[in-house]
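**Student:** Handing you a structure now.
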Amino acid sequence: SKLAALFKHPLYNIPVPEVTEKDKLFIINPMEKFSLRSSGSDEWISSSKAETLLPTGKTAYDTYPTWLKFHISINRYELYPRRDPLLPTLLRDLATQRIISSVQKSGGTQLKLIMTFPNYGQALFKPMKQTRDQETPIDFFYFSDFERHNAEIAAFHLDRVLDFRRIPPVSGRLVNITKEIWDITTDKKLAKTFFISPAGNVCFYGECSYYCSTEHALCGKPDRLEGSMAALLPDKTLAKRHSWRSPWRRSYHKSKKAEWELNPNYCAQVREIPPYDRGHRLLDLIDMTILDFLMGNMDRHHYETFEKFGNDTFLLHLDNGRGFGTHSRDELSILAPLQQCCSIKKSTYLRLQLLATQPYRLSDVLREALAADPLAPVLAEPHLQALDRRLGKVLVAVGHCLAR
């Protein structure tokens with residue numbers, strides 16, 4: 001296993017700083033029991049202050065559902081640990097747990113559903129919009145591209161292979177539209193959009209600003225539909241998040257260019273603006289840039305951080321559905337922060353060099369990681385080959401910076 005060998009490599013075993021109580025997102029007494037505030041809410045509250053051992057000899061923590069263990073393991077330095085024993089269980093839960101509620105997620109440009117499990121865990125479901133071998137048409141603007149379910153799955157595994165671990169766990173899942181959405185939804189607006197197509201397939205389209213119409217309906221075969229299931233982060237009432245506008249955000253206009261596209265010295269301005277004027281925020285943003293370039297994702301207008309940790313924490317790489325749309329073209333403008341700032345974390349650079357070598361080739365380790373997903377093969381082979389080509393271009397860009 002190339003993947004197992006990669007994760008054993010010294011570069012994947014650099015210790016994170018010691019995690020103190022103030023570095024944890026939630027401070028939990030492992031003897032405490034938790035209950036849900038109300039059914040249908042993922043807001044959990046302590047039901048007692050100091051429970052003794054349970055009759056089984058286990059602490060209350062042992063009885064927590066996996067999603068809750070995931071939430072309370074989040075700290076200043078990582079969304080989940082490298083050797084996280086919870087990860088396989090959490091991915092399996094996302095793929096197999098019974099769905100008891102499906103409602104449309106508000107906001108956003110395209111249709112997404114929030115699905116709830118019997119243990120109060122929740123996942124964000126993005127349905128399949130196009131097949132594995134379809135490419136985004138060359139005349140499409142990045143802001144009108146489809147969001148792809150398989151891009152969300154592949155992005156999670158790529159982020160982990162790069163040792164960023166900043167994307168919440170995602171699994172593929174085959175959903176029964178009738179039993180797991182239509183029959184159980186309490187969302188009246190969503191319910192109105194279901195219909196049976198002339199071919200006898202169950203379809204729906206929801207309400208959103210792009211691609212929510214009869215012409216863009218999502219149809220099952222006859223009612224089975226692929227999608228990605230992403231573990232939801234803790235409710236924002238429990239763990240506030242700060243949304244940051246990316247300095248290298250695109251103009252989202254058909255003809256206007258953003259300032260960074262016109263000013264080659266743009267990075268000098270960014271370096272003077274908090275929070276990019278100190279700490280590792282700019283380097284973290286360049287990490288995210290490299291992830292986006294490898295995926296071909298041009299749609300990174302914002303990123304988020306947990307408010308509790310201030311400016312000294314990792315960035316959350318959320319919403320990756322517009323990655324992996326093209327394998328035949330490389331969008332070099334995504335690398336602008338790296339090229340203009342000529343900065344990169346040493347650990348990131350060393351890992352990228354490692355992933356360009358034969359024993360740990362990026363396409364091979366990602367192919368292996370994706371093979372375990374219920375919807376494998378997640379990516380068409382040309383997308384995996386494109387990763388190796390793009391990785392070479394990232395290393396060339398760093399080489400140019402070193403030469404300067």
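**Student:** Can you tell me which residue among Ala5, Ala95 is in contact with a Pro (Cβ under 8 Å, 6 or more places away or on another chain), at pLDDT 95 or above and not assigned by the TED database to the domain that holds Glu226?
**Tutor:** Every option except Ala5 fails the conditions.
**Student:** Could you grab me the full set of residues in the stretch 294-309 that are more than 20 Å from Arg241 (Cα to Cα) and part of a helix (DSSP H, G or I)?
**Tutor:** If the condition is that a residue be more than 20 Å from Arg241 (Cα to Cα) and part of a helix (DSSP H, G or I), then Leu294, Met295 are the ones that fit.
**Student:** Determine whether the stretch 128-141 contains at least one residue that is crowded, with 19+ Cβ neighbours inside 10 Å and not in a loop (DSSP other than H, G, I, E, B).
**Tutor:** Checked the stretch 128-141: no residue is crowded, with 19+ Cβ neighbours inside 10 Å and not in a loop (DSSP other than H, G, I, E, B).
**Student:** Is it the case, given these coordinates, that Ile45 is at pLDDT below 95 and assigned to a strand (DSSP E or B)?
**Tutor:** yes
**Student:** Quick check on my filter: what residues within the stretch 48-72 are modelled with pLDDT of 55 or more and open to solvent by 40 Å² or more (accessible area, probe 1.4 Å)?
**Tutor:** Pro55, Thr56, Gly57, Lys58, Tyr61, Asp62, Thr63
**Student:** Look at Gln385 and say whether it is more than 27 Å from Val16 (Cα to Cα) and among the polar types (S, T, N, Q).
**Tutor:** For Gln385, the condition - more than 27 Å from Val16 (Cα to Cα) and among the polar types (S, T, N, Q) - is met.
**Student:** Confirm whether Arg329 is crowded, with 16+ Cβ neighbours inside 10 Å and either more than 25 Å from Gly108 (Cα to Cα) or under 21 Å from the mean Cα position of the chain (by Cα) (or both).
**Tutor:** no
**Student:** Does Ile167 satisfy the criteria of being closer than 18 Å to Gly296 by Cα, open to solvent by 40 Å² or more (accessible area, probe 1.4 Å) and in the same structural domain as Leu111 (by the TED database)?
**Tutor:** Against the criterion (closer than 18 Å to Gly296 by Cα, open to solvent by 40 Å² or more (accessible area, probe 1.4 Å) and in the same structural domain as Leu111 (by the TED database)), Ile167 does not qualify.
**Student:** I'm trying to understand the selection: among the residues of the stretch 315-326, which are open to solvent by 10 Å² or more (accessible area, probe 1.4 Å) and either of a type in the set (Val, Ile, Thr) or over 13 Å from the mean Cα position of the chain (by Cα) (or both)?
**Tutor:** Listed by number, the list holds a single entry, Thr326.
**Student:** Kindly indicate the residue of the stretch 15-31 that is in contact with a helix residue (DSSP H, G or I) (Cβ under 7 Å, 6 or more places away or on another chain) and open to solvent by less than 70 Å² (accessible area, probe 1.4 Å) and also modelled with the lowest pLDDT among those meeting that condition.
**Tutor:** For the stretch 15-31, the residue satisfying everything is Pro30.
**Student:** Would you tally the residues in the stretch 368-402 being within 23 Å of Glu331 (Cα to Cα) and open to solvent by 70 Å² or more (accessible area, probe 1.4 Å)?
**Tutor:** Of the residues in that region, 7 qualify.
**Student:** Within the stretch 353-367, which residues are under 20 Å from the mean Cα position of the chain (by Cα) and open to solvent by less than 70 Å² (accessible area, probe 1.4 Å)?
**Tutor:** Selection gives Leu362, Ser363, Val365, Leu366.
**Student:** If a residue has to be out of contact with any helix residue (DSSP H, G or I) (no Cβ under 8 Å at 6 or more places or on another chain) and under 29 Å from Val170 (Cβ atoms) to count, how many in the stretch 378-404 make the cut?
**Tutor:** 6
**Student:** Shifting gears a bit: At least 2 residues that are in contact (Cβ under 8 Å) with a residue 24 or more places away in the chain and closer than 21 Å to Arg250 by Cβ in each: list the helices (runs of 4 or more DSSP H) lying fully within the stretch 310-404 that qualify.
**Tutor:** Those helices (runs of 4 or more DSSP H) span 336-341, 381-403.
The values are calculated or read from the model by the stated rules, or taken from the named source; none is laboratory data. As the structure is a prediction and not an experimental result, all values here were calculated from the model. All Cβ positions, glycine included, derive from the backbone under ideal geometry; neighbour counts span all protein chains shown. Side chains included, ligands, DNA and RNA excluded: accessible areas come from the protein's heavy atoms. Shrake-Rupley method; radii C 1.70, N 1.55, O 1.52, S 1.80 Å.
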